[in-house]
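Okay, so here's the structure we're looking at.
Read the figures in this text as sums done on the coordinates, not as results from a lab. Since this is a predicted model, take the numbers as computed values, not measurements. Note that we place each Cβ from the backbone using ideal geometry, even for glycine, and neighbour counts take in every protein chain shown.
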Amino acid sequence: MDTILLVEDERPVRLYLKSLIRGSGVPVKAIMECGDGLTALDIIQKYRVDAMFTGIGMPGMDGLELVRRVQALENPPMVVVITASDELHNAIEMMRNGALEYVLKPVEQERMDGILRMLEERAAAARQRSQMLDLLTMRMVFSFLMDQRPTPSETALLRQLYEPLFGETGYVVCLFHRGAAIRENPRLLLHRQLPDATLCVLEERDLMPFLRSELPGAAAGISAVHRTVDELSLAHAEARSARAMAFCRGEHITAAPMGNAPLSPEAGRLLSEEARSQRLHLLGTKKGEELAARWEELFRAARQGLIPPEQLLGEQYAFPEGVLQIYSGSLDGEDLQALEWCGRPLSFPTLEDYSRAFMQWLLSFHRKLAERLEFNRNQARIAQAIEYMEANYASDLNMAVVSNYISMNYSLFSHLFKLQTGSSFVSYLKQMRIRQARRLLAETDLKVLDVSRRVGYTNEKNFMKVFKAICGVSPSEYRRNMRKDP
């Protein structure tokens, strides 16, 4: 080992421990010392320390708090507690928080020798793991996890490198939500970000200290303990199943039972094709409260364990596709991005987190979709009105007649017509009639009076006035200009 730190408020004890370390025969390059927990924490944050021997009762910060604080650091040292027999309960508590071992005062040379050999073996194993991961074994392990078997030679190498480590206590696969704030540390055999999860592989004996120090409040899916690389894909499948249950319950779950149990009548109702269709088709309607109630009912049943986690996830995976099939013409880029995360529920820590974000987005999307669908319906009705005008411009046509034809409020029709066409109803009708008049003047020999009647004007003078205002010339001049030789 390179560095050992002695933390003890009695200097004679520190000197005695230093002499024991020097006489152990285990090579140690440097031995640092201090008399309180605050100074020790400062040293560990500034320098690389392989192992720390600490007392319990010290001024400023005692050994219990020091161990807790040290375990939260990125590369915590291995910890050994120095204790008197009457403080043994405190030493056990420190071991629950990450300490590896304790020694009773007065410490004997033989006991110190055994402790140092154990620490050196663990330090050597950590160095070995680091070297292994530098040999592209991460890629091969990941292939095994995803059930994409490496070549026979790669498999043999993995067994040679990893199974000696796995044999003693075995390993577990852990799955957390994507982006989980996990720092690299010697406990991790593998740490990868997946599309909807954070994956970690570590030795079973390191599992509880890792969970306590890294993500005590997370909802991890944890595999059963395995000991061979051939079982990595099975361990990954177990962790995925456990993660689905952990997601719904909001707590760590180990090796959840795999397979599908029969659905209860309540689950069957909520997962039926009819219920799924209703949750989709209520979007954009005037039944926003019913929409919210249907989704809340689904999530509540999942939190209560009435719906199997995998079944709930299947509903959420299918939701974006259903929205795209039904409402594709009414979606924008922001909606498409939201649907992407809606289809990845496990990227959220828990169902509580996901359902909160989902419901907030769903109700906002519902309101926007209702506005868009109403706009689209109104567009279709205005288009229907224009078709009616095209077919009946020669009759006594006005806005009351047309708005009544499409069953729309007179004022709303006036507003929407101008919004969609850019012109008022009267101006648009004039343009339509004069356009037809120009065609008749150019293509027929009808008298101007007859042309005016054909396009809906009973008063010839009024027709000529409107025609000249729009075309700049009288109807007769327009006809002469159109018939001039080129």
Karplus (6.51, -1.76, 1.60) ³J(HN,Hα), θ = phi - 60°, over segment 400-405, in Hz, Gly and Pro reported as x | 5, 5, 5, 5, 5, 4
Taking a ≥ b ≥ c as the square roots of the eigenvalues of the Cα gyration tensor of segment 3-48, is the shape rounded (a/c under 1.5), prolate (a/b larger than b/c) or oblate?
-> oblate
Point-charge dipole on Cβ atoms (K/R +1, D/E -1) for segment 265-370, about Cα centre, debye to 20 = 240
For labels at ASN392 and ARG122 in the simple 7 Å Cα→Cβ model, what's the distance in nm?
-> 9.0
Residues of segment 350-365 with amide N under 13 Å of the 7 Å Cα→Cβ point at ASP332 | 365
Chain lengthening between ALA84 and GLN325 when straightened (0.36 nm per residue, less Cα-Cα) | 79.6 nm
Spin-label point model (7 Å from Cα, Cβ direction): what's the THR458 to ASN481 distance in nm?
-> 3.1
Cα-based shape type of segment 70-133, given that a ≥ b ≥ c are square roots of the gyration tensor eigenvalues and the cut on a/c is 1.5 = oblate
Among ASN75, CYS200, ALA40, which residue has its Cα positioned farthest towards the positive end of the charge dipole of the chain, with +1 placed on the Cβ of Lys and Arg, -1 on the Cβ of Asp and Glu, and the dipole taken about the Cα centre?
-> CYS200
Go ahead and run the numbers for FRET between ARG212 and GLN360, Cβ-Cβ distance against an R0 of 30 Å, rounding to 0.05.
-> 0.40
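Where does each of SER223, SER85, SER424 land when they are ranked from fewest to most other beta-carbon atoms within 10 angstrom?
SER85, SER424, SER223
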What residues have an amide H closer than 5 Å to that of ASP36, excluding those fewer than 5 places away on the same chain, when H is modeled at 1.01 Å from N in the peptide plane?
-> GLU8
Residue by residue through segment 361-371, the couplings from Karplus 6.51 cos²θ - 1.76 cosθ + 1.60 with θ = phi - 60°, in Hz, x for Gly and Pro, are 5, 4, 5, 5, 5, 4, 5, 5, 5, 4, 5
First check a/c for the chain, with a ≥ b ≥ c the square roots of the eigenvalues of its C-alpha gyration tensor; if it is under 1.5, answer rounded, and if not, answer prolate when a/b is larger than b/c or oblate otherwise.
-> prolate
Residues in segment 170-214 that a label on GLU352 would reach, taking backbone N under 17 Å of a point 7 Å out along Cα→Cβ = 177
Karplus couplings for segment 297-310 from phi (6.51 cos²θ - 1.76 cosθ + 1.60, θ = phi - 60°), rounded to Hz, Gly and Pro as x?
-> 4, 5, 5, 5, 4, 5, 5, 7, x, 7, 10, x, x, 5
Efficiency of FRET from Cβ geometry, ARG269 and SER423, R₀ 51 Å, rounded to 0.05 | 0.45
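About the Cα centre of the chain, how large is the charge dipole given +1 on each Lys and Arg Cβ and -1 on each Asp and Glu Cβ? Please answer in debye to the nearest 20. Write down the numbers at each step before the final one.
Details: 60 positive and 62 negative charges, 752 e Å.
Once rounded to the nearest 20, the dipole reads 3620 debye.
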Distance (nanometres) between label positions extended 7 Å along Cα→Cβ at ARG111 and ASP450 | 12.5
Most positive-pole-ward Cα, GLN420, LEU324, TYR16, against dipole of the chain from beta carbon charges = GLN420
